[in-house]
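Taken together, the values in this text are just the output of simple stated rules run on the coordinates, not laboratory data. Treat the numbers as computed from the prediction; the structure is a model and nothing was measured. Note that we place each Cβ from the backbone using ideal geometry, even for glycine, and neighbour counts take in every protein chain shown.
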Amino acid sequence: MAELPELRVLRYFVAVAEELHFGRAAARLHISQPSLSVQIRKLEHVLGARLLERTSRSVELTPAGLVLLAEARRLLVSAERLTSATREAANGHLGSLIVGFQSNAAAELTPKILAAFQTRYPHVQVEMRSHDFSDPYVGLGNGSVDVAFVRPPVLMQSWLSVETLFVEPRVLVTSSESPLAEYEKLTVEDVADEPFVGRRAPEYWRDFWLASECRGPHPVRLGAEVSSVDECFEAILSRRGVAFTQASTQRFYGRPGLSFVPVEDLPPSPLAIAWRNDMDARPVHDFVETARLLAGLDIVPSASRAGVDQLLRDARASTGSHAS
């Protein structure tokens, strides 16, 4: 039987593959760069394949390296689950679930989904894990979460399943001292020349929240870039810009000095449940089913199921991939 690589060495390889830089990967792993280089060379010898193309200026993955990266990530996630599941079984738990989210997750639906799930499956341990704007997949991409509340658009992947739970309006957030705060409602054109607070995120996701597709000839003026909701609001309060956000943000993050104004011609924001379809875990399916059932009760104010089917069709058409 061929020698199998150690999990430790696979972790080393994943770090190099993600950083594409031996120095940064070594710092991330808290080992020396020469030691890391030796381990990667040994891994290439064990597998009989060149995994990385190295020059004095760059590191690139070979086709074999790309395959190993995908498989190593799956294996490492499975190994972590094995350890976690064994420990939890010893402590009386029958499974675990890590739920990723951003800002207010699924708004008022979040605690209801969690409570219903824990009632139905009391022996599954649930952990909520927050993510900033930089990752629209909310931890699903690297396998650090099992299931997530996401705000499409997201680029569809072969491993990703997405189901929209509800859609809600987007509104403008501005300083209460701004003349815009006096309006009962606005249009995108009314604010097209205002400086905006942009999200530090992949371009397609940042552009959705800047309403780039609705601006016509008006280019975006960036007044600030931020990584979280709190940073966004601080930028708005300091009059560095305005921002679009989902309507439920006002109920969860409203604070003195901020005004939320409806925008009548802005497409709504969908909230979806997403999961990895290459990890066949029973608690994930149970959580998705619970979320689906609760979303059918129309619990979130100002949200609706209207337009969900069209949103999914649009997502499929734009990506050429399947969304569940």
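Points worth noting:
- Helix-only arithmetic for the chain: the sum of -39500 (n - 2.57) across DSSP H runs with n ≥ 4, divided by the residue total, places the mean residue ellipticity at 222 nm at -12000 deg cm²/dmol.
- Around the amide H of Val147, modelled in the peptide plane, lie the amide H atoms of Ile98, Gly100, all under 5 Å away and 5 or more residues distant in sequence or on another chain.
- Residue among Lys42, Lys112, Lys185 with the largest mean-square fluctuation in a Gaussian network model of the chain, springs linking Cα atoms under 10 Å: Lys42
- Computed over the chain, relative contact order equals 20 percent, with contacts defined as Cα pairs under 8 Å that lie 6+ residues apart.
- Relative contact order for region 1-92: 27 percent, from Cα pairs under 8 Å spaced at least 6 residues apart, divided by residue count.
- Length gained when the stretch Glu289-Ser176 is fully extended (0.36 nm per residue, less Cα-Cα span): 36.6 nm
- 0 to 90° range, to nearest 10: angle between helix 7-19 axis and the chain longest Cα axis: 50
- Within the chain, the ratio Rg/Rh, alpha carbon atoms throughout and Rh by Kirkwood, equals 1.02.
- Between Val46 and Asp132, the modelled labels are 3.4 nm apart [label points 7 Å from Cα along Cα→Cβ].
- Full-stretch length increase - Arg8, Leu222 - with 0.36 nm per residue and alpha-carbon distance subtracted: 72.7 nm
- Neighbourhood charge, 14 Å Cβ-Cβ cut-off, centred on Glu184 and excluding it, Lys, Arg +1 and Asp, Glu -1: -2
- Within a Gaussian network of the chain (alpha carbon springs, distance under 10 Å), most fluctuating of Gln250, Gln39, Gln125: Gln39
- Only Lys, Arg (+1) and Asp, Glu (-1) charged, at Cβ; region 1-111 dipole about Cα centre in debye: 320
- Given +1 at the Cβ of Lys and Arg, -1 at the Cβ of Asp and Glu and no other charges, the dipole of the chain around its Cα centre is 1000 debye to the nearest 20.
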